Amino acid sequence: MTADPLPRPRNFVSRGGILLAADVWGKATSPPLVLLHGGGQTRHAWDRTGPQLATMGWQVIAPDLRGHGTSEWSVDGNYDLDLFAEDVRALVAELGDRPVLIGASLGGLSSLLAAGEIPRAPIRALVLIDVAHRPDPRGFRRIVEFMRRQPDGFFSVAEAAAAVSAHLPNRPRPDSPERIRNNLRRHGDRWVWHWDPRMLDSFEGRMDPPGMAERLLDAARHADVPILLVRGAISDVVREDIAEQFCDSVPHARRVEVAEAGHMVAGDRNERFLDAIIPFLDEIK
């Protein structure tokens, strides 16, 4: 079956009236599956994944997290992880049916807290993409350093695309640099990333604060749903031993690795990512 690449727009309302913009693929009568991107990305991270999952019988919803893309920014500049988790809860409640949550990095952490801490979002299953209870500080710092570079933006879309390629040397270069345009916005005569730069202060304090690893493991244990941890085989953010420790500590969790993928698993190797999660999705559908 051929995937329809054109999504339908939809908005969700979260805490404080924050509007979250989303793309939707698939039939409204199909079981819902929510794709949550990582920090500094937008819903367009799923432009290839979303339509393909829709052809497999899912209603796929890919929102921009608060402060990202065309979703609204926090008025006070607060981007605490708990706020992202509340956004996930609000989205699940508005859907009115138990979805599968698939979250990459920040989207995964937000989903884990939403599903495992009171009030627990009623979901069907959880897929964590290259995120566990503890990051490798070297990989985490590399990402934040990239996000902090060139705060004044880029002269062109091509310049921004070249910066991403240098940051992700393991990823095949896109056929056209224009694909990255959805992650940018105009600011005067420059192109800047399509997210609120105030988030970076929250991100840097989130690396591995005291008690967070235990909190995340506790949330995973209390999320009474199947959990799949998808690790990029060459990730520098989630080490193999940490992924193994996570699954050893959470009885209903299992893991799989995607060859030749780094932290941005779906963006690096989308077809292999789909191959890794489809057996899990088939089991819980």
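The values are calculated or read from the model by the stated rules, or taken from the named source; none is laboratory data. All of these numbers come straight from a predicted model, not from anything done at the bench. Glycine gets a Cβ as well: all are built from the backbone with ideal geometry, and neighbour counts include every protein chain shown.
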Is it true that D218 is closer than 20 Å to L81 by Cβ and acidic (D, E)? yes
If you go through the range 114-127 one residue at a time, do you hit one that is among the aliphatic types (A, V, I, L, M), modelled with pLDDT of 90 or more, part of a helix (DSSP H, G or I) and at negative phi? yes
How many residues does the range 257-266 hold that are touching a residue at least 60 places away in the same chain (Cβ under 8 Å) and either surrounded by fewer than 24 Cβ atoms within 10 Å (Cβ to Cβ) or among the aromatic types (F, W, Y) (or both)? 2
Quick check on my filter: what residues within the range 132-158 are touching a strand residue (DSSP E or B) at 6+ places or on another chain (Cβ under 7 Å) and under 24 Å from R239 (Cβ atoms)? A132
Of these, R98, R66, which one is closer than 24 Å to C247 by Cα and basic (K, R)? R98
Looking at (1) more than 20 Å from A22 (Cα to Cα); (2) in contact with an Asp or Glu (Cβ under 9 Å, 6 or more places away or on another chain); (3) touching a residue at least 60 places away in the same chain (Cβ under 8 Å), which is the one condition that is false for S110? (1)
D97: modelled with pLDDT under 95 and in contact with a strand residue (DSSP E or B) (Cβ under 7 Å, 6 or more places away or on another chain), yes or no? yes
Within the range 136-146, can one find any residue that is within 22 Å of N182 (Cα to Cα), out of contact with any Leu (no Cβ under 8 Å at 6 or more places or on another chain) and outside any helix (DSSP H, G or I)? no
